[in-house]
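The values are calculated or read from the model by the stated rules, or taken from the named source; none is laboratory data. From a predicted model like this one, the values you see are computed outputs, not experimental measurements. Reconstructed Cβ throughout: ideal geometry from the backbone, glycine too, with neighbour counts over all protein chains shown. We work out accessible area using only protein heavy atoms, side chains counted, and drop any ligands, DNA or RNA first. Shrake-Rupley method; radii C 1.70, N 1.55, O 1.52, S 1.80 Å.
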There are 4 protein chains.
Amino acid sequence: MAGNITGKMFQVTTFGSSHGKALGAVVDGCPAGLELSREDIQAELERRRPGTSNITTTREETDIIEVLSGIFKGKTDGTPIAAMVYNKDADSSAYEPLKNKPRPGHGDYTWTSKYGIYDYRGGGRGSGRITIGHVIGGAIAKKLLKLLKINVISHVTQVGDVTAKHVAYSLIEEYASQNPVRCADQKAAAEMEEKIMETQKKGDSVGGIVETLTFGVPAGLGEPVFDKLDADLAKALMGIGAVKGVEIGFGFKLAHATGSATNDEYYLDGKDIKTTTNTSGGIIGGISNGMPIVTRIAVKPTPSISIQQKTVDLIKMEETEIKIVGRHDPCICPRLTVVAEAAVAMVLADHLLKAGFINPNKIS
Amino acid sequence: MAGNITGKMFQVTTFGSSHGKALGAVVDGCPAGLELSREDIQAELERRRPGTSNITTTREETDIIEVLSGIFKGKTDGTPIAAMVYNKDADSSAYEPLKNKPRPGHGDYTWTSKYGIYDYRGGGRGSGRITIGHVIGGAIAKKLLKLLKINVISHVTQVGDVTAKHVAYSLIEEYASQNPVRCADQKAAAEMEEKIMETQKKGDSVGGIVETLTFGVPAGLGEPVFDKLDADLAKALMGIGAVKGVEIGFGFKLAHATGSATNDEYYLDGKDIKTTTNTSGGIIGGISNGMPIVTRIAVKPTPSISIQQKTVDLIKMEETEIKIVGRHDPCICPRLTVVAEAAVAMVLADHLLKAGFINPNKIS
Amino acid sequence: MAGNITGKMFQVTTFGSSHGKALGAVVDGCPAGLELSREDIQAELERRRPGTSNITTTREETDIIEVLSGIFKGKTDGTPIAAMVYNKDADSSAYEPLKNKPRPGHGDYTWTSKYGIYDYRGGGRGSGRITIGHVIGGAIAKKLLKLLKINVISHVTQVGDVTAKHVAYSLIEEYASQNPVRCADQKAAAEMEEKIMETQKKGDSVGGIVETLTFGVPAGLGEPVFDKLDADLAKALMGIGAVKGVEIGFGFKLAHATGSATNDEYYLDGKDIKTTTNTSGGIIGGISNGMPIVTRIAVKPTPSISIQQKTVDLIKMEETEIKIVGRHDPCICPRLTVVAEAAVAMVLADHLLKAGFINPNKIS
Amino acid sequence: MAGNITGKMFQVTTFGSSHGKALGAVVDGCPAGLELSREDIQAELERRRPGTSNITTTREETDIIEVLSGIFKGKTDGTPIAAMVYNKDADSSAYEPLKNKPRPGHGDYTWTSKYGIYDYRGGGRGSGRITIGHVIGGAIAKKLLKLLKINVISHVTQVGDVTAKHVAYSLIEEYASQNPVRCADQKAAAEMEEKIMETQKKGDSVGGIVETLTFGVPAGLGEPVFDKLDADLAKALMGIGAVKGVEIGFGFKLAHATGSATNDEYYLDGKDIKTTTNTSGGIIGGISNGMPIVTRIAVKPTPSISIQQKTVDLIKMEETEIKIVGRHDPCICPRLTVVAEAAVAMVLADHLLKAGFINPNKIS
């Protein structure tokens, strides 16, 4: 398996699996002199941690982060920052019966095809638990973004058929933090919560949409052909498990539209050039234009459901049925908010370094 | 500007701009011994070339490809394949008045922010014309895919409000080739064509959706964390100008769905393991499962419209208006079909080499 | 700091510093199904560990390796292999007086120039101790090489003015393991040991040469232009601290020679094509030819000496003198043998994967 | 074949072969706003061009560079700079008899092993002629270096047994340009010239050493572990055909030395920190220290000699003999001076961008 390293200047390598010994990440390319503590990373992990509300998996993990290297006297010293979490509550027994019977919607079959071997315990490295590595990378990236007053916020805008109403950008962070669904529209949030619990009772799961807003990105970020800013964001977001669609700005709505209705026209706001609308989601021609960056991801229903499903026994090569027990989130969207923020933050940190907005050697 | 190189094992470097001297690509990493001719590349360029129907730009370019290196006695010899097209019909006069007045929806402003300098003639390297480089890379990638009997097909499924009906997969290639819109549903195709011509008369433009289907991809392609197959496809597709959304399989529809309704269950088709449905679009856990790979892109309306638009004069720093004349496609979807195929083919060729399905040294 | 990741298909990320919490590596891209145990890695670390003879530093480190991920039921499972060692015997007190007074020959000054901050304790990440990461990567690479019966052996051929006589290739591994200097010529080994101890008594240090021989590499490894096999070996070897020169085959001797005397002529050995001589060290035109690969590195004297040296106080900006106490190897060559093997093994594993000699997904 | 792309931020892709249609390079990552003309590149190619003196090959190539993209109104516009040279005087007839009989010392056999196919005409892509691509990249890199007043100079210090005396650094550029051997010691230059001509008469060839000096590099360039500045220089220099050894600073001399004799001590030169000696060649701990960077390469005798040599007929699989006619340089050192400069300049440009010394977007 390759492909566990992301970024060009801000490079994050992640490792670990659901029921293995530990999970973690190594961040290479973070400039020296950045104030960083264990707590900065822990705080982001807390937002991702399971067992914090009645709508998440009951697996309990304290997820205490241990920083192995890269911080010296409260600041990064320019060397790689390695951080990890030991797995504690790993109950593998529920997975034994599923050993050679791939769960529909999960990577069991494709991973077995590829590697011949598969750590079936808790989904192995296909588990959502591996996003601990993303969140470590994201936590450090966010500290870099803060130097430029860039703020990345995710919220849930849809769960199944429940859609959130538009909330003013300035209120989203606060409002979304007030409910376990992380939806800024409180009324919709209540309905979403109900929807999720109802789905869970049926042993089923449900999909949704997570929107990520980034404020304060300067114009000029992104490379104009293959490594466009939106292309890199699309890769990072589609690279999160369970994500099956990515939009920038108005996204698929633009397929129905005309140029005269959706071209973002320019105007002067004092000395700043802005656009009257933001259908492009802050990125034109692959490069940021200074407006908020808006991305949206389609999250599929968690494939782990406790309803009988058809599959194939890979040893006996005969059709069979399975029923997944284990512990799972009926809707992964709320917890994915912090992962989406991490993905966006890592891409932005990488591009800020590549485009020279942050000195790659040291923060001065 | 960096970021004009894509791929890890099958690496494509592109260069050139709309009104510069030439446009082209260098493909590094193609195994030796692949039968390849100038005509193979030319044939794909013909499908992308402007001026071939009444719904594309009137710019006339013969786009004769010249192969500079890498082919020896009818086969690749393992060395980089460089190919290019000289620009012929480059009329820059229409762009002079727009020099410091960024066109809404175009990269003029963001590129100027980044580089300080901007080749405003015909959109410079922000022009759709640069996809000649993509198509060169795609043509060679397709030849590699053919060794494994992999076939990549794009068709237009939506133009503005006109949506194509579902057509059997086996008929799409043939049907889509029978009309200039490249839509497999002939009735919808006619409506789309009308829609496009009507839009053009108004000096406006319209968006749409291009779907790409890939048949014959073996299970086991893709890396499971950051470099997932769908993540790399998302990057490649979002990296095409005018694309603002990417879906794999059911994409955004999954946000509304439940796991019990959309998990792809496994069954045996003789000795082959298949899924009863394909909501995942052939990719689960970042790795191909042997089912058709289905991607869909949201294409925004061409930003070049001949309707008056508001902008800012970057020299005088005052608000002003512009009207774009030039020559443009009122709907870029039909011509993007071949570019989307190229993007998908390059990603697949790269992953086939990375996963050892094709010997990176020589075809034997 | 970037640049702590090496390789393209077999990618090794290292982290940690001399007196920090831990040191380790993450190996990404190792195929699944490779038999691998904690002991395989520990065995290589033992060969690198200090305190094992009277000619190495007296720092005592047990260097017990902990494998955090990537091994499942005695085999690699395709996921990243993370392994680390906690630092134990880190005595930082000796370094306090040197804080702002760069030691001649060490990276203190250059690192401070770059990062503004410097973990002066034990040389920080500039310490030889960071080669633990190299050795972890090398241990895993060697397991891959063994599948193809490739064997990498280093020995010391020079210490100061003492030069080893030529020993038959087949005897070098055994003979070199019989003395602490790791020199295959026992007589020279004794002189080298004496030389090292004598130098140490004077508080001085001495340089030397380490030769690495690799047997069993098939013809056809290496890319012919920038990523030549010898170019990648040169980078990996020059990337080891204290190395200031790299030779392939006859190296600098070829500067004095004529083509007629040194061209390696071909002959048939049964059905195998071989060369009568091996001045090219097994690599011609950047690609392996099947003959033993021979590399040689020039190792400078350990810069840490306990003789008074001139330097500059970076705070007061005035000239001053320092005397280094700490604990150091008077000649680093013997311990570098295992690091040179690791560097060569990682390059070869990477190229074997790139050239398709090893299936990147799984060992079957 | 992969590996024809070098650099991370300043990325050079090269293509073409000795007797193919064209040779060239694409430079991606050069900031916008750099003054650059066709003549800047042509001037460097002139220094590399064959047929300019009686000690080089008689092949006559005008090597007229054509710039295809990336320059707009006399400056780089941030887009990739593609440039190429058409092959003119390609006489392939001499190579037909050698078709399946690999020339000793050349890549014919190894390339055939790897690719199964081999463009035997003039050495194909294994020819020294492919360094046209290096020189294009180097010419552009040098323009970037000039912004920081960095100067890269190569000279020949040895040809066979003739060794040049030390010449003051300030005189080397001027003196070396006064003779066809490019040796700064005029007396040695005359002997070298004689040596080369004498060797040529015998149908033989001779090796030598090229030293490259770089003045004006600021302290702080290079990454401290795998991507050390000296490691990248070693890769770039060893990646030039015919190079079999690389030294930094005192190189192999340090193997004989003691730390007390060779540690570079620090002193103050006004406000600048310098070292009293420069045994480290301007790089310590992988990072530049502000002193001149000194590299030296061992160049093997040109393998093409017109003396009878033993080889194997790869089709008949029997031993045979060949005599190479063709046109070749009896000593490649003089022409390699400009290639070595190019290699060093590309590495430095890449590191200057990576370390933030040059704004990657635009020169302002």
Pick from segment C:105-123, criterion more than 8 Å from chain D (Cβ to nearest Cβ) and outside any helix (DSSP H, G or I), ranking: most open to solvent (accessible area, probe 1.4 Å) = C:Gly116
Return yes when A:Asp204 is within 7 Å of another protein chain (Cβ to nearest Cβ) and closer than 30 Å to D:Gly78 by Cα and no when it is not.
-> no
In segment A:247-267, what count of residues is obtained for those that are crowded, with 21+ Cβ neighbours inside 10 Å and either assigned to a helix (DSSP H, G or I) or more than 7 Å from chain B (Cβ to nearest Cβ) (or both)?
-> 7
Which one is farthest from C:Arg48 (Cα to Cα) among residues in segment C:59-73 that are open to solvent by 40 Å² or more (accessible area, probe 1.4 Å) and not polar (S, T, N, Q)?
-> C:Lys73
Residues being within 25 Å of C:Asp161 (Cα to Cα) and in a loop (DSSP other than H, G, I, E, B) - total across segment C:188-217 = 5
Name, by its number, the condition in (1) more than 12 Å from chain C (Cβ to nearest Cβ); (2) surrounded by fewer than 22 Cβ atoms within 10 Å (Cβ to Cβ) that does not hold for D:Ala340.
-> (2)
Are any of the residues in segment C:35-56 buried (at least 20 other Cβ atoms within 10 Å of the Cβ), more than 24 Å from C:Asp329 (Cβ to Cβ) and away from chain D (no Cβ under 13 Å)?
-> yes
Out of segment A:261-315, which residues are among the basic types (Lys, Arg) and in contact (Cβ under 8 Å) with a residue 40 or more places away in the chain?
-> A:Arg296, A:Lys300, A:Lys310
Filter pass, B:Glu46 being without any contact (Cβ under 8 Å) to a residue 24 or more places away in the chain, farther than 30 Å from D:Gly3 by Cβ and charged (D, E, K, R) | yes
In segment A:218-246, what residues are open to solvent by 20 Å² or more (accessible area, probe 1.4 Å), more than 7 Å from every other protein chain (Cβ to nearest Cβ) and in a helix (DSSP H, G or I)?
-> A:Ala236
For segment A:317-364, which residues satisfy the criterion of being touching a helix residue (DSSP H, G or I) at 6+ places or on another chain (Cβ under 9 Å) and on the phi > 0 side of the Ramachandran plot?
-> A:Gly326, A:Gly356
Take C:Gly281 and decide whether it is out of contact with any Leu (no Cβ under 7 Å at 6 or more places or on another chain), more than 7 Å from chain D (Cβ to nearest Cβ) and either more than 21 Å from D:Gly160 (Cα to Cα) or surrounded by fewer than 24 Cβ atoms within 10 Å (Cβ to Cβ) (or both).
-> no
Could you please let me know if D:Val12 is under 30 Å from C:Thr6 (Cβ atoms), within 23 Å of the chain's Cα centre (by Cα) and part of a strand (DSSP E or B)?
-> yes
Got a number for residues in segment B:292-317 being in a strand (DSSP E or B) and within 7 Å of another protein chain (Cβ to nearest Cβ)?
-> 6
Of all residues in segment C:10-19, which are open to solvent by 10 Å² or more (accessible area, probe 1.4 Å) and under 18 Å from B:Glu223 (Cα atoms)?
-> C:Gln11
Failed condition for B:Asp28, given (1) more than 9 Å from every other protein chain (Cβ to nearest Cβ); (2) crowded, with 18+ Cβ neighbours inside 10 Å, with all others met?
-> (1)
Give the number of residues within segment B:162-184 that are touching a residue at least 24 places away in the same chain (Cβ under 8 Å) and not in a helix (DSSP H, G or I).
-> 8
Which listed residue, of D:Gly116, D:Gly70, D:Gly123, D:Gly78, is without any contact (Cβ under 8 Å) to a residue 24 or more places away in the chain and either over 20 Å from D:Asn4 (Cα atoms) or out of contact with any helix residue (DSSP H, G or I) (no Cβ under 7 Å at 6 or more places or on another chain) (or both) | D:Gly116
When you look at D:Gly70, is it more than 30 Å from D:Pro292 (Cα to Cα), away from chain C (no Cβ under 14 Å) and touching a Pro at 6+ places or on another chain (Cβ under 7 Å), yes or no?
-> yes
Qualifying positions in segment C:21-72 - in a helix (DSSP H, G or I), at pLDDT 90 or above and within 24 Å of C:Thr302 (Cβ to Cβ) = C:Glu44, C:Leu45, C:Glu46
Can you find even one residue in segment B:139-150 that is more than 18 Å from the chain's Cα centre (by Cα), more than 10 Å from chain A (Cβ to nearest Cβ), in a helix (DSSP H, G or I) and on the phi > 0 side of the Ramachandran plot?
-> no
Check C:Pro180 against each of (1) open to solvent by 20 Å² or more (accessible area, probe 1.4 Å); (2) within 14 Å of another protein chain (Cβ to nearest Cβ) and name the one condition it does not meet.
-> (2)
Reported set for segment A:80-104 where residues are assigned to a loop (DSSP other than H, G, I, E, B), open to solvent by less than 10 Å² (accessible area, probe 1.4 Å) and away from chain B (no Cβ under 14 Å) is A:Pro80
Take C:Ala22 and decide whether it is open to solvent by less than 20 Å² (accessible area, probe 1.4 Å) and either of a type in the set (S, T, N, Q) or more than 14 Å from chain D (Cβ to nearest Cβ) (or both).
-> yes
Selection within segment A:287-302 - more than 18 Å from B:Glu247 (Cβ to Cβ), within 21 Å of the chain's Cα centre (by Cα), of a type outside the set (A, V, I, L, M) and crowded, with 24+ Cβ neighbours inside 10 Å | A:Ser288, A:Thr302
Report yes if some residue within segment C:251-263 is of a type outside the set (D, E, K, R) and under 23 Å from the mean Cα position of the chain (by Cα); otherwise report no.
-> yes
